[in-house]
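Report on the structure given below.
The values are calculated or read from the model by the stated rules, or taken from the named source; none is laboratory data. Since the model is a prediction, treat every value here as computed from it, not as a measurement. We place every Cβ from the backbone using ideal geometry, glycine too, and count neighbours over all the protein chains shown.
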Amino acid sequence: MSQDTLSPAVYLRRLLDLLSADAPAEEFGAIAAEARVGGVDERDLAEIEGATRTVLRMRGVLRQHRRREAELAALFDTASDLAGLRDLDAVLQSIVRRARTLLGTATAYLTLPDAAAGDTYMRVTDGSVSALFQGLRLGLGDGLGGLVAQNAKPYVTPDYRTDHRFRHTRTIDAGVLDEGLVAILGVPLLLGSGNGGGGEVIGVLFAADRTPRAFSPDEVALLCSLAAHAAIAIDTAEAITETQAALAELAAANKVIQEHAAAMQRAAEAHDRLTDLVLRGGDVSDVAAAVGGLLGGAVTLHDPEGRPLTAVGPGGTAFAGGAAVADAVEDSRAAGRTVRHDDRWTFAVLAGQEVLGGLVLHGRPDLDDADKRLFERAGVVTALLLLQRRSIAEAENRIRGELITDLLHAPDRDPAGLAERGRRLGFDLDRPHLLLAAETDAASRQRLAAAGMRYRGGGESISAEHAGAVVVLLTDDGTPPGDAARAAAAQLTQLAGAPVTVAAAGPAAGPQALAAAHAEAARCLRALRVLGRTGGACAADLGFLGVLLGDEKDAEGFVTSVLGPLLRYDDRRGTALVGTLECYFGCGGSLTRAKDALHVHVNTVVQRLDRIQTLLGPDWNSPERALELQIALRLHRLAGS
């Protein structure tokens, strides 16, 4: 070895420097070539070449260890991501990105099945540049992914387009071509694959290059490890989602249970409160007050026609009701539940299918189901109280009806006893009373009897069925009999739901006078029936028929009521209007014959008739008025003779 020749130790030291720097393999080979050119003897050259081979093996082992270290670090990071799983998409994206980085491929992607659509779809991609590829949907069993999923094993193809081990489709091939992929590695995402089991394939993880490539077993194993983590991530996310959904359902169920328990407790309290009211003898107004307090609103109770019976709470007393309430009650009856009209809630108070009234709640824009049930329960309690009130009233009216029957059958038998029975019932027969006799068609007679019990008019009353009619004794409040009869006919027609005819007589006081008033009312009622009239009237309203039907036969009163204005005029002025009128009627309404009979000029007759029209009204010569005038003139003449 010459003096300029380098020692073998120098070359060996340079090999170690290259190993430390992880230099390319060709640089290691250049050291031995340089030693040969440098004149190193054969024995030292063999040592340098042996050292080069050793260093290259060490370089391969170190590279393999570093790669393994990187893979383990990636798997560790992936496990850390799974431990802190918050966003499944982010975890899967991280796994796909690591697969692409570790395997050094152009792209990596992951597909999952879509059970609803019956195919698979791209869940995440990394390195993809084709929108067509990123939006691919693959039929089950199609493409390389279909082969992987079908056999639950990894598959590698160095050239996708020429590989016929799997089913090609136009859609998949177009997407792969658009992305420019050639070599593809696909591994299954397996669940439950431990202990030698096959497991369930829930997706496929891919790594792909745009040039031909043979993937090593280590690379396949690495991608399988990442796929296992991806499967765990998906399974964990689904478990978390299911757990969250179950927790949400449990929370919702717990809320429903709590609300139901609160509603049950409130309903029980309301039931106890309403029951206590009934047991203590409370009235419908007490029920309305209790319900208004429980529901936080004003409550009104109305009869079937919508008239208010009681009102409790602010704003309730100002509500008049009427037809709108009656319509709402009918809607509630038909629906069998509480109904809303405008800003009010209405529930029909029923006894079977009979409407007893309507309960109306004011001041509550909304009612939940529990509050509606409470309101409807109050309606049932109100119905019981109204039926109880009706039963009591019917019992009292039955006793009072027996009094009326005895009064009309035998008023002379025991007048003092009848008066005493009336006083025990709170009804003084010695006070003036109007007597009303009402009738309707046979089909509505029972409803009329019930309506008579409910009729009050202007004061206290008692009623009973007698001789096919309903008789009502009404305390006299100064209302003329005819007006009282018409008012009663209107209200009883509404209550009975059929036309009602009413005749009135009185006022009368005492058993005998009341019996006589009944006889007069009965005759007036018969006259109305013969005349085919409905509504109400008294004997005086029938004119001369009242004279014929009335007990007192007040002819003088009739003459005065018909001819009074003429009689007073003649008396003050000394004229002969009454005589002229009688002569005019006697001559058949002929002016010529009347002027001859009166021995006056025809103009005088005309002037007198004009004066008569002024005093009696323009209809004095109508058939009905003319008949009354002629009867009154005849009675006046007879009384004068």
(Q) Can you find, within segment 333-355, the residue that is modelled with the highest pLDDT among those that are farther than 18 Å from VAL291 by Cα and touching a strand residue (DSSP E or B) at 6+ places or on another chain (Cβ under 8 Å)? (A) ARG333
Q) Does GLU376 satisfy the condition of being in contact with a Lys or Arg (Cβ under 8 Å, 6 or more places away or on another chain) and among the charged types (D, E, K, R)? A) yes
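Listed here are the residues, each with its yes/no results for (1) small (Gly, Ala, Ser); (2) surrounded by fewer than 15 Cβ atoms within 10 Å (Cβ to Cβ); (3) at pLDDT 90 or above; (4) farther than 23 Å from ILE95 by Cα.
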{"site": "ASP163", "(1), (2), (3), (4)": "no, no, yes, yes"}
{"site": "PHE166", "(1), (2), (3), (4)": "no, no, no, yes"}
{"site": "GLU179", "(1), (2), (3), (4)": "no, no, yes, no"}
{"site": "LEU191", "(1), (2), (3), (4)": "no, no, no, no"}
{"site": "LEU205", "(1), (2), (3), (4)": "no, no, yes, no"}
**Q.** All positions within segment 562-586 that are surrounded by 15 or more Cβ atoms within 10 Å (Cβ to Cβ) and over 18 Å from ASN621 (Cβ atoms)
**A.** LEU567, ASP570, ALA576
Q: Scan segment 583-618 residue by residue and report those that are in contact with a Ser or Thr (Cβ under 9 Å, 6 or more places away or on another chain), more than 22 Å from HIS636 (Cβ to Cβ) and among the hydrophobic types (A, V, I, L, M, F, W, C).
A: VAL602
Q: Could you please find all residues in segment 96-147 being more than 14 Å from GLY186 (Cα to Cα), in a helix (DSSP H, G or I) and in contact (Cβ under 8 Å) with a residue 60 or more places away in the chain?
A: ARG98, LEU102
Q) Would you pick out the residues in segment 480-510 that are closer than 23 Å to ARG431 by Cβ and either out of contact with any Gly (no Cβ under 9 Å at 6 or more places or on another chain) or not in a helix (DSSP H, G or I) (or both)? A) PRO480, VAL502, ALA503, ALA504, ALA505, GLY506, PRO507, ALA508, ALA509, GLY510
Q.
Just to be sure before I move on: is GLU396 at pLDDT below 75, loosely packed, with under 15 Cβ neighbours inside 10 Å and assigned to a helix (DSSP H, G or I) in the structure I sent?
A. yes
Q. When segment 95-110 is examined, which residues are found to be among the hydroxyl-bearing types (Ser, Thr, Tyr) and buried (at least 21 other Cβ atoms within 10 Å of the Cβ)?
A. THR105, THR107, TYR109
Q: Select from segment 452-478 the residues that are among the small types (Gly, Ala, Ser) and modelled with pLDDT of 80 or more and list them in ascending order.
A: ALA469, GLY478
Q: Tell me, please, whether a residue that is surrounded by 13 or more Cβ atoms within 10 Å (Cβ to Cβ), modelled with pLDDT of 80 or more and either in contact with a strand residue (DSSP E or B) (Cβ under 6 Å, 6 or more places away or on another chain) or under 30 Å from ARG13 (Cβ atoms) (or both) can be found in segment 74-93.
A: yes
Q.
Residues that are touching a strand residue (DSSP E or B) at 6+ places or on another chain (Cβ under 6 Å), among the hydrophobic types (A, V, I, L, M, F, W, C), at pLDDT 70 or above and not in a loop (DSSP other than H, G, I, E, B): does segment 439-451 have at least one?
A. yes
